[in-house]
Amino acid sequence: MAGRFITLEGIDGAGKSTHLAWLVEYLRAQGKTVIQTREPGGTPLSERLRELLLSEPMHLETEALLMFAARREHLERVIWPALERGEWVVCDRFTDASFAYQGGGRGLADEKLALLERWVQGDFAPDLTLLFDLPIELAAQRMQGAARALDRFERETLDFHARVRAAYLARAAAHPARIRIIDASCSIEEIQKQLEEIISSV
Ligand code: ADP
Ligand code: TYD
């Protein structure tokens with residue numbers, strides 16, 4: 001059986017981390033070998049870039065370039081080798097996040113992001129992307145309840161998160177076969193049901 005590359009996306013506080021853990025266990029229970037990873041991050045170097053990206057103020061283009069630099073390393077050392085071994089890779093965020101955050105949120109032109117995308121990954125794309133969608137106010141409420149320090153992106157304004165959400169939805173409209181929208185305002189049990197149905201069709 002060939003491996004699959006599944007990514008989870010959504011605004012901060014949408015519930016990705018909560019459901020990623022469940023999804024990985026669900027796939028393992030079906031006998032699949034699954035690697036759980038995240039972006040920015042997933043290799044020692046990319047995790048160091050993540051620390052900088054989440055804490056250090058920087059120019060918008062520097063931010064985009066570092067996101068893609070971390071991604072190049074992650075693809076080469078983790079994602080592509082695992083897929084070649086026939087394993088499944090479940091990744092917390094990938095290139096759609098660059099279009100949503102650096103593009104929608106910060107206003108970097110889509111053409112520049114598309115250029116980086118092509119340079120770093122060619123035609124490679126996830127087999128399936130789960131987009132956790134919910135109103136920004138609800139996501140903000142959930143983050144406040146989470147009781148941990150917020151990073152540089154999570155501290156952004158509601159307007160910023162509204163632009164990120166809109167960019168994600170535009171991306172889903174442009175790639176309807178790959179990106180499936182999950183109604184993340186539902187209960188955890190209802191979301192798991194939505195995920196089971198979608199995964200059974202991959
Ligand atoms: P993300 O990784 O997308 O930022 P998390 O998974 O960390 O989001 O979820 C943010 C907070 O919301 C956590 O405290 C989590 O327990 C809670 N949460 C996640 N999904 C739901 C849900 N469907 N209903 C209610 N609370 C949720
Ligand atoms: P996130 O994945 O939400 O981790 P956690 O759930 O532990 O907070 O944090 C990563 C942040 O990085 C998130 O706010 C979005 C941002 N990001 C980008 O801006 N561009 C990207 O290309 C990626 C992968 C992430």
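The values are calculated or read from the model by the stated rules, or taken from the named source; none is laboratory data. Bear in mind the structure is a predicted one, so any value in this text is a computation, not a measurement. Using ideal geometry, Cβ is built from the backbone for each residue, glycine included, and neighbour counts are taken over all protein chains shown.
When the stretch 93-134 is examined, which residues are found to be part of a helix (DSSP H, G or I) and within 16 Å of ligand 1 (Cβ to nearest atom)? Answer for the stretch 93-134, where residues must be part of a helix (DSSP H, G or I) and within 16 Å of ligand 1 (Cβ to nearest atom): D96, A97, A100, Y101, G105.
Filtering the stretch 83-92 to residues that are within 16 Å of ligand 1 (Cβ to nearest atom) and either in contact with a helix residue (DSSP H, G or I) (Cβ under 6 Å, 6 or more places away or on another chain) or in a helix (DSSP H, G or I) (or both) leaves V90, D92. Scanning the stretch 158-202 for residues that are without any contact (Cβ under 8 Å) to a residue 24 or more places away in the chain and either within 16 Å of ligand 2 (Cβ to nearest atom) or assigned to a helix (DSSP H, G or I) (or both) gives L158, D159, A173, A174, E189, E190, K193, Q194, E197.
Taken together, the criteria place L66 among residues that are more than 30 Å from K32 (Cβ to Cβ), touching a residue at least 24 places away in the same chain (Cβ under 8 Å) and surrounded by 15 or more Cβ atoms within 10 Å (Cβ to Cβ). With respect to being touching a residue at least 24 places away in the same chain (Cβ under 8 Å), within 16 Å of ligand 1 (Cβ to nearest atom), touching a Cys at 6+ places or on another chain (Cβ under 6 Å) and on the phi < 0 side of the Ramachandran plot, T37 fits the description.
The requirement of being at pLDDT 95 or above, over 26 Å from W22 (Cβ atoms), within 11 Å of ligand 2 (Cβ to nearest atom) and of a type in the set (A, V, I, L, M) is fulfilled somewhere in the stretch 100-112, by at least one residue. The listed residues are T33, T37, and the only one of them that is touching a Lys or Arg at 6+ places or on another chain (Cβ under 9 Å) and β-branched (V, I, T) turns out to be T33. Against the conditions (1) over 18 Å from the mean Cα position of the chain (by Cα); (2) within 28 Å of I79 (Cβ to Cβ); (3) more than 14 Å from ligand 2 (Cβ to nearest atom), L138 satisfies every one except (2).
Quick grid of which residues meet (1) within 12 Å of ligand 2 (Cβ to nearest atom); (2) under 13 Å from L130 (Cβ atoms):
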{"site": "T7", "(1), (2)": "yes, yes"}
{"site": "G10", "(1), (2)": "yes, yes"}
{"site": "A14", "(1), (2)": "yes, yes"}
{"site": "S17", "(1), (2)": "yes, yes"}
{"site": "G31", "(1), (2)": "no, no"}
{"site": "Q36", "(1), (2)": "no, no"}
{"site": "E39", "(1), (2)": "yes, no"}
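For every residue, the table says whether it meets (1) assigned to a helix (DSSP H, G or I); (2) in contact with a Pro (Cβ under 6 Å, 6 or more places away or on another chain); (3) among the acidic types (D, E); (4) modelled with pLDDT of 95 or more.
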| position | (1), (2), (3), (4) |
| --- | --- |
| M1 | no, no, no, no |
| L20 | yes, no, no, yes |
| L45 | yes, no, no, yes |
| R50 | yes, yes, no, yes |
| E61 | yes, no, yes, yes |
| R77 | yes, no, no, yes |
| P81 | yes, no, no, yes |
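Condition check for W22 on (1) within 16 Å of ligand 1 (Cβ to nearest atom); (2) within 14 Å of the chain's Cα centre (by Cα); (3) within 20 Å of T129 (Cα to Cα): one failure, at (2).
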